[in-house]
Amino acid sequence: MDGQKISLERQWILDRLETLSVKEQTQLAAAIISRGQLKALSEKVGEERELAILKMDLNTAKDAVNLLLALPDYEVICPAGSYEQLGESYLRYEASRPDLIPYANLEQIGWNYEDSHLGIFIGDCFVVLPRQEPRQFYDGTNLDQLPDTDWSLRLKLASPAVPEGIWLCLPDSTIGEEGRMDEIRLALRELKVKTVQECSLLDVRCSLPELSVGLDEYQDLADLIYDGNDLGYLLQEQGQGEPHFLEKFRAALEYEQCHELKLALDIASNLNCYDYCPASDVERFGEEVLQKQGETVFRDPVLQGGIDLEAYGEAQLEQQGYLLNSAEIGYIRRNGQEFRHERTEPQPEFGMTM
C-alpha cells in the first residue's frame, strides 16, 4: 500500500512539474531557496528532475506536494530584478504615483520595500515570501482530495523561436493592465513574441475534471485565455464565500452533462437556478420537511427517536426531483428561475439531461 501511495505521489509531482509555467518556475525557485528544503528539487529542477523525484523518500514527497500547492502564496513582481527596478515598480503600480519616478531615489524605495516585504530576487523578478507558513493541505493520505482551485487552465504555447513550447497558468492577475508582467507576458517573453496570436496551442489542461477543452474549440487563442481567466477568478472567489460553492458548481456541471468551458461559465453565472443539498445535510433536510408540515411529529413522545430522518430526507429529496451526483456528496435539481445564456445558445432540453 505504501508503495502504491509513493507512486501516486511521485506521479502527481511529476505531472505538476511538467506543466509549471514560467511564473511558477520562479515561484518554485524562490520557495526552495527561502525554505532550504527539498534539495533534490533545488538541485535537479532541470533535465534530471524526474530522476530526483524518484529518489525522494515518503516525507520529502509529502513536502514537495505541499510546496507545489503553496506556490500561489509567493507573489512575483516583474520586472524588478534590482532595487532600482523594484522601487520604480512600487511607485508605478502599488503607490500609483509614476509622476514621482523622475524625482525619486528608486534604489532607496526598493530597499524600503524589501524591509517591509520579505522577499528575494530571482532573475529580473522580486518574489515576496509568505508572511506565514503556507498551509499544509496534504497530510500523506488525502492526495485525491487536495484542493486545486488556484488555477483554471494550463496552456502549452509554442512559437517559431520555441517550437517545443512552454506552459502558462491562468488566471493572470494583470491581463487588463499594461507594463506589469504576470503569467501571459512572462510566457510571451519566453516565447520571444509580442501577442498570443503569434503562438500555437499544443496542449490544454483544466483543473476541473468535468471539463475538457479541445485544441480546436477556440479559433482565437485570446478568447480561450479570457474564458480561462474568468473561470480562474471564479474558482478563486468561490462565489464570494457562498457555502458549498465548488461542490454545487461541479454538481451542476454534472447535472447538465457539461464538458465545455463556455457553458460552464454560463452555469456558474446561473447557480441560482439550482437547488443544492449536501449529502451531509440530508438528515437536516428531512427534519425541515417535517417541521414545515407541522410540529406534531416532534411533540409526540411516542415518536421520539423512532423516525429515521436521514432515510426520510433521502426519500423527500428524490420525490422533489433532486439527483445525487456521482461522487455522492450532494443532491441537486433545477428550479424555476430563468437561466440566462451569455456565452452559449439555449438548448431545447437544457436542464433536463439527467
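Output the number of the condition that A187 fails; it satisfies all remaining conditions of (1) of a type in the set (G, A, S); (2) more than 17 Å from the chain's Cα centre (by Cα); (3) under 29 Å from F339 (Cβ atoms); (4) not in a loop (DSSP other than H, G, I, E, B).
Exception for A187: condition (3).
Every residue, every condition in (1) more than 23 Å from R340 (Cα to Cα); (2) open to solvent by less than 30 Å² (accessible area, probe 1.4 Å); (3) assigned to a loop (DSSP other than H, G, I, E, B), yes or no:
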| site | (1), (2), (3) |
| --- | --- |
| R205 | yes, no, no |
| N229 | no, yes, no |
| L246 | no, no, no |
| F249 | no, yes, no |
| I267 | no, yes, no |
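With the structure loaded, tell me whether L201 is farther than 20 Å from L69 by Cα, over 19 Å from the mean Cα position of the chain (by Cα) and at pLDDT below 90 or whether it fails that test. If you could, list the steps in order and put the result at the bottom.
On the way: farther than 20 Å from L69 by Cα: yes; over 19 Å from the mean Cα position of the chain (by Cα): yes; at pLDDT below 90: no.
The answer is no for L201.
Just give me the residues in region 210-227 being part of a loop (DSSP other than H, G, I, E, B) and either modelled with pLDDT of 90 or more or touching a Leu at 6+ places or on another chain (Cβ under 8 Å) (or both), in sequence order. Break it down into steps so the answer makes sense when it comes.
Step one: list which residues in region 210-227 are part of a loop (DSSP other than H, G, I, E, B), which gives 210-220.
Correct list: E210, L211, V213, L215, E217, Y218, D220.
Would you pick out the residues in region 233-258 that are among the small types (G, A, S) and at pLDDT below 95?
The initial filter retains those residues of region 233-258 that are among the small types (G, A, S), namely 239, 241, 251-252.
Scanning region 233-258 gives G239, G241.
Here are some residues: E260, E256. Which one is within 21 Å of E328 (Cα to Cα) and either crowded, with 20+ Cβ neighbours inside 10 Å or of a type outside the set (G, A, S) (or both)? Explain how you work it out, then say what you get.
Numbers: E260 fails: within 21 Å of E328 (Cα to Cα).
None of the others qualify; the one that does is E256.
Report yes if F137 is of a type outside the set (A, V, I, L, M), closer than 22 Å to L17 by Cα and in contact (Cβ under 8 Å) with a residue 60 or more places away in the chain, otherwise no.
Details: of a type outside the set (A, V, I, L, M): yes; closer than 22 Å to L17 by Cα: yes; in contact (Cβ under 8 Å) with a residue 60 or more places away in the chain: yes.
Yes.
If T296 meets every condition in (1) at pLDDT 75 or above; (2) open to solvent by 80 Å² or more (accessible area, probe 1.4 Å); (3) among the polar types (S, T, N, Q) apart from one, which number is that one?
(1)
Please enumerate the residues belonging to region 88-120 that are of a type in the set (A, V, I, L, M, F, W, C) and either touching a residue at least 40 places away in the same chain (Cβ under 8 Å) or open to solvent by 60 Å² or more (accessible area, probe 1.4 Å) (or both). It would help to see each step written out before you state the result.
In the first step, residues of region 88-120 are kept if they are of a type in the set (A, V, I, L, M, F, W, C); the result is 91, 95, 100-101, 104, 106, 109, 111, 118, 120.
Within region 88-120, L100, W111, L118, I120 meet the criteria.
Quickly run through region 121-136 and pick out the residues that are open to solvent by 40 Å² or more (accessible area, probe 1.4 Å), out of contact with any Pro (no Cβ under 7 Å at 6 or more places or on another chain) and under 18 Å from C78 (Cα atoms). Step through it out loud before you land on a result.
Here is the first cut: in region 121-136, the ones open to solvent by 40 Å² or more (accessible area, probe 1.4 Å) are 121, 123-124, 131-133, 135-136.
Pick out the ones that are also out of contact with any Pro (no Cβ under 7 Å at 6 or more places or on another chain) and you get 121, 123, 131-133, 135-136.
Selection gives F121, G123.
Would you call E84 more than 24 Å from G214 (Cα to Cα), modelled with pLDDT of 95 or more and out of contact with any Phe, Trp or Tyr (no Cβ under 7 Å at 6 or more places or on another chain)? Even if it seems obvious, please write down each step before you answer.
Working: more than 24 Å from G214 (Cα to Cα): yes; modelled with pLDDT of 95 or more: yes; out of contact with any Phe, Trp or Tyr (no Cβ under 7 Å at 6 or more places or on another chain): yes.
Answer is yes for this residue.
Out of the residues in region 215-227 that are touching a residue at least 24 places away in the same chain (Cβ under 8 Å) and not aromatic (F, W, Y), state the one that is most open to solvent (accessible area, probe 1.4 Å). Step through it out loud before you land on a result.
Narrowing region 215-227 to residues touching a residue at least 24 places away in the same chain (Cβ under 8 Å): 217, 221-222, 224-227.
From what's left, not aromatic (F, W, Y): 217, 221-222, 224-225, 227.
Values: E217: 71, L221: 24, A222: 17, L224: 3, I225: 6, D227: 9 Å².
Here the residue is E217.
Just to verify a result, which residue in region 301-342, among those that are over 36 Å from the mean Cα position of the chain (by Cα) and crowded, with 16+ Cβ neighbours inside 10 Å, is modelled with the lowest pLDDT? Don't jump to the end; show me each part of the working.
The first filter runs over region 301-342 and keeps only residues over 36 Å from the mean Cα position of the chain (by Cα), leaving 301-309, 312.
Still in the list and also crowded, with 16+ Cβ neighbours inside 10 Å: 309, 312.
Details: L309: 83, Y312: 90.
The selected residue is L309.
The values are calculated or read from the model by the stated rules, or taken from the named source; none is laboratory data. Here the structure is a predicted model, which is why all the values come from computation and not from measurement. Glycine gets a Cβ as well: all are built from the backbone with ideal geometry, and neighbour counts include every protein chain shown. What goes into the accessible areas is simple: the full protein's heavy atoms, side chains included, and nothing from ligands, DNA or RNA. Shrake-Rupley method; radii C 1.70, N 1.55, O 1.52, S 1.80 Å.
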